[in-house]
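Peer 1: Just dropping this structure here.
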Amino acid sequence: MKPPAFNYVAPTTLEEALDARAEHADDCAVLAGGQSLMPLLNLRMAFPGTVIDLAGVGELAGIREWDGGVAIGAMTRQRTAEGDALIRERAPLMTTALPNIGHAAIRNRGTVGGSIAHADPAAELPAVALALDAQLVAKKKRGERTIEAADFFAGFLTTALEPDELLVEVRVPGMAKGHGVAFHELARRHGDFALVGVAAAVALEGDKIADCRLAFIGVGGTPMRAREAEKMLVGAQPSAEVFAEAAERAKAELDPAGDTHASAEYRRRVAGVLAQRALAEATR
Amino acid sequence: MSIEVTLTVNGVTRTASVEARRTLADFLREDLELTGTHLGCEHGVCGACTVTVNGASARSCLMLAVQADGADVRTIEGLLEPDGSLGVLQQACADSHAFQCGFCTPGFLMTATELLAENATPTEDDVREAISGNLCRCTGYESIVQAVMLAAERGA
């Protein structure tokens, strides 16, 4: 239960970090908050030749207004994001989801960008990014590009990031003012990885749903949007019946796998139940 | 690969040369011989190795010693009063019978230290939420919650 030996690089500027990333692209791990990488190292499930520690790159942490929404530096600690007023105002779904990540001691170290780049399909922040159509800014030594969240999560612990790229910022577009949000997950124990979870953000216009986002975790290799269910809900009046129908639609879109913790059928069923609860809460 | 680190541990400045892969937990226990920090699961689940880093609770098994360079680290040994007697939180634990085997206790106390620094008058729910990341296999937690409440009452 001790990490394997590795070469350690601690850049203090983004430029140095991108240089290191380019130099060690074929065999490196990026250490953000370490709350996923360190267990993988301790369990000897990862053997990176080089570990690039981003903690010293101050310019990667910070929260700023962005185009009606909010931009969050990749190295912003989850605990900082949890208490941030701008995120609460512009991306309340993230504020609501954050306390579900592990425990305070984990969120003190864990970062927003680290969780998204790690892309665990049972993790909360990737689903939040997907639900809110976040734009993920990737940088490399020569160049920068923006990846839509919908294109970012490629598979289990796999993203669209190239081996020489770093996720530097998470840009979350704002939704209509006063929209409702909810995040529900089922885990074996409080703080454990979710068996199934759902993130919902719903904006009403009058008594009708104008914008609806429904993203699930723990139901496939990546976080998943239930886009058919969303489409069905837009224009509808919120009611238990409509939500039940939307949940059925969502269940048909999901492709959960069974494992020792829960069968595929159980996950699908729970996804439907949680979706109804989340939709009701988000439209209260 | 060896790297020089300088950090403050329980108010004492320490400089050491550590291997990059050395966890903060092993650094505290093996290099500084501060064996009060206990290692349970070594992958961030049990909370036994919790210390505070610049006042914020952290799993010392999920941090490298090199990441603590320049930091102010506090461990269970740092909760003692200057005269060597038990600190308020420690005494409250003893008075509440908040441990049996005691293996998890250091992690609980460091987690509670962060809580009480942020919130001097927590409710029982606050305490339960705060310590939810620490596992105890003996007590059933009730006496630990009582101990933290008692420590708050005594102004820890």
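The values are calculated or read from the model by the stated rules, or taken from the named source; none is laboratory data. Keep in mind that what you see is a predicted model, and the values were worked out from it rather than measured. Ideal geometry is used to build each Cβ from the backbone, glycine not excepted, and the neighbour counts take in all protein chains shown.
Peer 1: Within region B:117-132, which residues are surrounded by fewer than 24 Cβ atoms within 10 Å (Cβ to Cβ) and under 23 Å from B:ALA25 (Cα atoms)?
Peer 2: Hits for region B:117-132 are B:ALA117, B:SER132.
Peer 1: Could you tell me whether B:ASP31 is away from chain A (no Cβ under 13 Å) and among the acidic types (Asp, Glu)?
Peer 2: Taking the combined requirement at face value, the residue satisfies it.
Peer 1: As an exercise: evaluate A:LEU130 against (1) over 30 Å from B:GLU42 (Cα atoms); (2) without any contact (Cβ under 8 Å) to a residue 60 or more places away in the chain; (3) part of a helix (DSSP H, G or I) and give the number of the one condition it does not meet.
Peer 2: (2)
Peer 1: If you don't mind, there's one more thing I want to ask. Among the aliphatic types (A, V, I, L, M) and part of a strand (DSSP E or B): is that true of A:ALA199 in this structure?
Peer 2: yes
Peer 1: Residue check, A:ALA25 against (1) under 16 Å from A:GLY114 (Cβ atoms); (2) assigned to a loop (DSSP other than H, G, I, E, B); (3) more than 9 Å from every other protein chain (Cβ to nearest Cβ); (4) touching a residue at least 60 places away in the same chain (Cβ under 8 Å), all met but one. Which one?
Peer 2: (1)
Peer 1: Just one of the numbered conditions (1) farther than 18 Å from B:SER143 by Cα; (2) modelled with pLDDT of 95 or more is not true of B:PRO82; which one?
Peer 2: Only one criterion in (1) farther than 18 Å from B:SER143 by Cα; (2) modelled with pLDDT of 95 or more is unmet by B:PRO82, namely (2).
Peer 1: Same structure again: Does A:GLY73 meet the test of being crowded, with 20+ Cβ neighbours inside 10 Å and facing chain B (nearest Cβ under 9 Å)?
Peer 2: no
Peer 1: Looking only at region A:180-211, filter to residues that are within 14 Å of chain B (Cβ to nearest Cβ) and in contact with a helix residue (DSSP H, G or I) (Cβ under 7 Å, 6 or more places away or on another chain); which one of those is surrounded by the most Cβ atoms within 10 Å (Cβ to Cβ)?
Peer 2: A:GLY191
Peer 1: Looking at (1) under 30 Å from B:SER143 (Cβ atoms); (2) away from chain A (no Cβ under 14 Å); (3) more than 13 Å from the chain's Cα centre (by Cα); (4) in contact (Cβ under 8 Å) with a residue 12 or more places away in the chain, which is the one condition that is false for B:ARG14?
Peer 2: Here B:ARG14 clears every test but (1).
Peer 1: Residues of region A:188-227 being of a type in the set (Gly, Ala, Ser) and touching a residue at least 60 places away in the same chain (Cβ under 8 Å), which ones?
Peer 2: A:GLY191, A:ALA194, A:GLY197, A:ALA199, A:ALA200, A:ALA201, A:ALA215, A:GLY218, A:GLY220, A:GLY221
Peer 1: Something else now. For region A:32-61, what are the residues that are in a loop (DSSP other than H, G, I, E, B), in contact with a strand residue (DSSP E or B) (Cβ under 7 Å, 6 or more places away or on another chain) and within 10 Å of chain B (Cβ to nearest Cβ)?
Peer 2: A:GLY33, the sole residue that qualifies.
Peer 1: Then there is this: Just to be sure I understand, how many residues within region A:145-179 are assigned to a strand (DSSP E or B) and buried (at least 21 other Cβ atoms within 10 Å of the Cβ)?
Peer 2: Total meeting the criteria: 8.
Peer 1: Something else: Can you confirm whether region A:86-94 contains a residue that is within 14 Å of chain B (Cβ to nearest Cβ) and at pLDDT 95 or above?
Peer 2: Scanning region A:86-94 turns up no residue that is within 14 Å of chain B (Cβ to nearest Cβ) and at pLDDT 95 or above.
Peer 1: Let me ask something else. Give the number of residues within region B:37-63 that are touching a Gly at 6+ places or on another chain (Cβ under 9 Å), touching a residue at least 40 places away in the same chain (Cβ under 8 Å) and not aliphatic (A, V, I, L, M).
Peer 2: 9
Peer 1: If I go through region B:61-112 residue by residue, how many of them are more than 10 Å from the chain's Cα centre (by Cα) and either more than 14 Å from chain A (Cβ to nearest Cβ) or not in a helix (DSSP H, G or I) (or both)?
Peer 2: 30
Peer 1: Answer yes or no as to whether A:ASP164 is at positive phi and more than 14 Å from every other protein chain (Cβ to nearest Cβ).
Peer 2: For A:ASP164, the condition - at positive phi and more than 14 Å from every other protein chain (Cβ to nearest Cβ) - is not met.
Peer 1: Related question: Specify the residue that is surrounded by the fewest Cβ atoms within 10 Å (Cβ to Cβ); the eligible residues are those in region B:1-53 that are assigned to a strand (DSSP E or B) and among the charged types (D, E, K, R).
Peer 2: Out of the qualifying residues, it is B:GLU4.
Peer 1: May I pose another question? Considering only residues that are within 14 Å of another protein chain (Cβ to nearest Cβ) and more than 10 Å from A:GLN78 (Cα to Cα), which ones fall in region A:106-122?
Peer 2: The answer is A:HIS118, A:ASP120.
Peer 1: Can you tell which of A:ALA29, A:ALA5 is among the small types (Gly, Ala, Ser), surrounded by 16 or more Cβ atoms within 10 Å (Cβ to Cβ) and in contact with a strand residue (DSSP E or B) (Cβ under 8 Å, 6 or more places away or on another chain)?
Peer 2: After applying the criteria, what remains is A:ALA29.
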